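Novice: Shown below is the structure under consideration.
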Amino acid sequence: MTTRRRRVEPLQQPPAHVVDVPGSKSITNRALLIAALAEGDSHLTGVLLAEDTAAMTDCVRSLGAGVDVDAPSRTILVGGVAGRVAPGPRSLFARQSGTTGRFIAAAVLAGRGRYELDGDAQLRARPMADLVDALVGLGAEVDATEGRLPMAVEVGEAVVGGTVALAAGRTSQFASALLMVGPLLSDGLELRLEGGVVSRPYLDMTVGIMKDFGASVELVDGVYCVHPGGYHGRRYSIEPDASAASYFFGAAAVTGGSVTVRGLHRQSIQGDIGFVDVLQSMGAQVESSDVGLTVQGGSLRGVDVDLRDLSDTAPTLAVVAATASGSTTIRGIGFVRGKESDRIAVPIAGLAAVGISAEQTADGLVVHGGTHHEGVVDSHDDHRIAMAFSLLGLRGPAVEISDPDCVSKTFPAYFDVLDRLRSRPDHTDSNDGYREDEGLRESDITVIAIDGPAGSGKSTVARAVADRLGLEYLDTGAMYRAVTFAVIRHGIDPADVEDVAAMACELDLSVGSDGVHVDGVDATTEIRGPEVTRAVSVVAANPGVRKELRSRQREWAHRRGGGVLEGRDIGTVVFPDARLKVYLTASPEVRAARRAKEVSDLDYETVAADIARRDAYDQGRADSPLTEADDAVLIDTTGLTVDQVVDAVEAALR
């Protein structure tokens, strides 16, 4: 099976939107660990919920902290261990999270016994030797091959602290890890950094959060002095992620539009907020308001810039530089070769894949602005590469991204949020260019969402509503059937989660008035056949399939300024702010009778049993289960004509 890809098409017009990005990963993982080590409870708000923070959550639980995650409100309640980490033996798994792997390796110094730490292959490839040397210097025994994961940290006698030297030219995460465990050591910690320090703003962030939780830290003659005393639980608010925001600021820059990131301001404690200054030096405009920070694109020119302190934005800048006049030199980032991917070589290869020239230097790269062509960019399973190169697709021509799901590491909904830039502008003003707004709302376009179980009349009613109101209609159920048809056609097991999801992403799919076409084949009739009908519920429950088709559904509506969409999660997930949500139902007998008429080669009893099975599957699936939206208009179609149901929908719309 080929690698999954995501195609990013050009915007039809420059964006003018307010967007929300998730909470800062860097702040979330630091606050999570410190709250777990603190005495008492902490209430974290605005947290990032993603792969990296899930890894930290799992690890601090294993070390004895109580963690209660409330995903809808993006809050976490943490019961701290009061500086007494649960004793080993403990097995800790950091997934792909560098902050988790490095921070936890040092945190176990506050415990006693053996702690085995491992991670995914990508994290195993990242260096840890400098941190290992520091842990040994403080009194721990560490078993690690070539200074990498997997490793075992053995804490015999209590580690009391003291003075330790650390090479700081590779990453600031090692220093942050040691600083955060310092208040738990009886003698505190004196940390002397040797060589050039990279990403210093992250050290400032670490110290700031430590102080917020009651720690005493001083920087004296270049030495960090951490005094013993531990941490105290508190309520702590996490600001939006400046690294995540960089992609939307970059989108504004390369398309000539404007994007405001809500809740993010120049006073942010995140170093990556400096990315807007780089864009401004290239010719973009930057304005701050009570709503957030806004970037307005313009005519961009190449620059020469040192990104040592905001290196996570280097791939984004490389992509923006590809659209600028002249050449852009990015310096001071030689250490990013050891990130999730080689973030110098990989962006250069990605640019080459779409016709843009760039070359490496000793500590960075030079990008020569030009006009790109369509192509496939290999993300190397690196979330920042995938997100950065999507910006070229917005500008056009289209770009395909391999392994797009890697964005779940830090921004699971990235492509969904990016697609919202395709709607009509929502915050421009002809007088000053900007105004406060409530943000992008699906209600700004005329979306009518019609949901309901099989046989409730969704398709028939949705078509009739679209005809009466002069709107376009999308049969989303046909999209799931089309994927199922393709899966069967290629001999893929419908229960094979990865291959089925990959098929959904690769499919050339068209659903419209001229029928359903799959990779150029007219499948209008075949998708209604018994083989597809039997397998579609399994395919439709696949989270990867649902994610891909939701994105296509949103793009379809945004391109048309709205429409009538029917399905099983349109009003609850795809368009939760739709102008009108309708939930259709009918008695089981009526639903079975309707479906039996559509499938002439099956008897009523067989169809009724299949509907009951489908209902159970739809309502019980983990990803977007079938349920009535709280604000949906409920219409029981039993005994009603199509015109009567359409009348009810039209009345509700008015």
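Novice: Quick one: in the stretch 109-239, what % of C-alpha pairs are over 26 Å apart?
Specialist: Details: 1934 of 8515 pairs.
Result for the distance tail: 23 percent.
Novice: Considering the options A177, G162, A152, tell which one lies farthest towards the positive end of the dipole of the stretch 147-271, charges being +1 on Lys and Arg and -1 on Asp and Glu at the Cβ, about the Cα centre.
Specialist: Among A177, G162, A152, the one farthest towards the positive end of the dipole of the stretch 147-271 is A177.
Novice: Can you run the Rg to Rh ratio on the stretch 285-438? Use alpha carbon positions and the Kirkwood inverse-distance Rh.
Specialist: On the way: Rg = 16.1 Å, Rh = 16.5 Å.
Radius of gyration relative to Kirkwood radius: 0.98.
Novice: Please state the shape class of the stretch 588-654: rounded when a/c is under 1.5, otherwise prolate if a/b exceeds b/c and oblate if not, all from the C-alpha gyration tensor.
Specialist: Details: a/c = 3.21, a/b = 1.26, b/c = 2.54.
Since a/c reaches 1.5 but b/c is at least a/b, the shape of the stretch 588-654 is classed as oblate.
Novice: I need the fraction of alpha carbon pairs in the stretch 512-654 separated by more than 17 Å, rounded to a whole percent.
Specialist: In whole percent, the long-distance tail amounts to 69.
Novice: If you wrap a convex hull around the Cα atoms of the stretch 498-584, how much volume per residue is inside, in Å³? Working shown, then result.
Specialist: Details: hull volume 10.5 nm³, N = 87.
Roughly 120 Å³ of hull volume per residue.
Novice: Compute the acute angle (0 to 90°) between the alpha-carbon long axis of helix 604-620 and the principal axis of greatest extent of the alpha-carbon atoms of the chain; round to the nearest 10°.
Specialist: Once rounded, one gets 20 degrees.
Novice: Specify the angular offset, from 0 to 90 degrees and rounded to the nearest 10, of the alpha carbon long axis of helix 476-489 from the longest principal axis of the alpha carbons in the chain.
Specialist: Long axis of 476-489 versus the principal axis of the chain: about 80 degrees.
Novice: Measure off, as a whole percent, the carbon and sulfur share of the 1.4 Å-probe accessible area of the chain, all protein chains present. Display every interim value, and only then the final one.
Specialist: Numbers: 11220 of 24280 Å².
Carbon and sulfur together cover 46 percent of it.
Novice: Can you give me the orientation-averaged projected area of the convex hull built on the Cα atoms of the stretch 373-420, in nm²? Don't jump to the answer; show the numbers that get you there.
Specialist: Values: hull surface 11.7 nm².
If you wrap the Cα atoms of the stretch 373-420 in a convex hull and average its projections, you get 2.9 nm².
Novice: What value does the stretch 47-142 have for Rg/Rh, both radii from Cα atoms and Rh as Kirkwood defines it? Don't skip to the end; give the middle numbers.
Specialist: Details: Rg = 13.7 Å, Rh = 14.0 Å.
Here Rg/Rh amounts to 0.98.
Novice: Kirkwood Rh, Cα Rg: Rg to Rh for the stretch 168-299?
Specialist: Result: Rg/Rh = 1.08.
Novice: Can you show me the helix-derived [θ] at 222 nm for the chain, built from DSSP H runs with n ≥ 4 at -39,500 (n - 2.57) apiece and divided by the number of residues, rounded to the nearest 500.
Specialist: Working: 21 runs with 234 residues, N = 654.
Mean residue ellipticity at 222 nm (helix-derived): -11000 deg cm²/dmol.
Novice: Another question, then. Tell me, what is the 1.4 Å probe accessible area of D120, in Å² to the nearest 10?
Specialist: 50 Å²
Novice: For I238, what charge total do you get from the other residues with a beta carbon under 10 Å from its beta carbon, if Lys and Arg give +1 and Asp and Glu give -1? Don't skip to the end; give the middle numbers.
Specialist: On the way: positive: K25, R30, R74; negative: E239, D241.
Once all neighbours under 10 Å are counted, the net charge is +1.
Novice: Could you pull the Cα extents of the chain along its three principal axes, largest to smallest, in whole Å?
Specialist: Result, largest extent first: 81, 56, 46 Å.
Novice: Which semi-axis lengths, in whole Å and largest first, follow from the square roots of five times the eigenvalues of the Cα gyration tensor of the stretch 282-324?
Specialist: Details: eigenvalues 80, 45, 15 Å².
That gives 20, 15, 9 Å for the three semi-axes.
Novice: Tell me, what does the Kirkwood hydrodynamic radius of the stretch 440-542 come to in angstroms if you use every pair of distinct C-alpha atoms? List each step's numbers first, then the result.
Specialist: On the way: mean 1/r = 0.0676 Å⁻¹.
Taking the inverse mean of 1/r over all distinct Cα pairs, the stretch 440-542 comes out at 14.8 Å.
Novice: What angle, in degrees between 0 and 90 and rounded to the nearest 10, separates the Cα long axis of helix 497-506 from the longest principal axis of the Cα atoms of the chain?
Specialist: For helix 497-506, the angle is close to 70 degrees.
Novice: Using the structure shown, select from K211/K547; K25/K581; K25/K458; K409/K458; K547/K581 the pairs with a Cα to Cα distance greater than 30 angstrom.
Specialist: K211/K547; K25/K581; K25/K458; K409/K458
Novice: Shifting gears a bit: Once you have a ≥ b ≥ c as the square roots of the Cα gyration tensor eigenvalues for the stretch 550-632, tell me rounded if a/c is under 1.5, and otherwise prolate or oblate according to whether a/b is larger than b/c. Present the calculation step by step, with values, prior to reporting the outcome.
Specialist: On the way: a/c = 2.28, a/b = 1.90, b/c = 1.20.
Since a/c reaches 1.5 and a/b is larger than b/c, the shape of the stretch 550-632 is classed as prolate.
Novice: I'm a student and want to see the number: the projected area of the Cα convex hull of the stretch 232-290, averaged over all directions, in nm². Each step should come with its number before you reach the end.
Specialist: Working: hull surface 18.7 nm².
Computed as one quarter of the Cα hull surface, the answer is 4.7 nm².
Novice: State, as an integer percentage, the relative contact order of the chain based on alpha-carbon contacts under 8 Å between residues 6 or more apart. Provide the component values of the computation, followed by the final result.
Specialist: Numbers: 1489 pairs, mean separation 82.5, N = 654.
Relative CO of the chain lands at 13 percent.
Novice: Heavy atoms only, probe 1.4 angstrom, no DNA, RNA or ligands counted: give me D187, D615 ranked by accessible area, highest first.
Specialist: Numbers: D187 105, D615 25 Å².
Per-residue accessible area, sorted high to low, gives D187, D615.
Novice: Would you work out if the stretch 203-248 is rounded, prolate or oblate? Take a ≥ b ≥ c from the square roots of the eigenvalues of the alpha-carbon gyration tensor; rounded if a/c is under 1.5, else prolate when a/b is larger than b/c, oblate otherwise.
Specialist: Details: a/c = 5.24, a/b = 1.54, b/c = 3.39.
It comes out oblate by the Cα gyration axes.
Novice: Around T316, what is the net charge, scoring Lys/Arg as +1 and Asp/Glu as -1 over all other residues with Cβ under 10 Å from its Cβ? Don't skip to the answer; put the middle values down first.
Specialist: Values: positive: R384; negative: D272, D312.
The answer is -1.
Novice: Another one. Hey, what's the stretch 1-126 come to in accessible area per residue, 1.4 Å probe, Å²? Show your work: numbers first, answer last.
Specialist: Numbers: 4380 Å² over 126 residues.
Per residue, the stretch 1-126 has 35 Å² of solvent-accessible surface.
The values are calculated or read from the model by the stated rules, or taken from the named source; none is laboratory data. Remember, it's a predicted structure, so these values are computed and weren't measured experimentally. As a convention, Cβ positions derive from the backbone with ideal geometry for all residues, glycine included, and neighbour counts pool all protein chains shown. Keep in mind that these areas ignore ligands, DNA and RNA; they rest on the heavy atoms of the full protein, side chains included. Shrake-Rupley method; radii C 1.70, N 1.55, O 1.52, S 1.80 Å.
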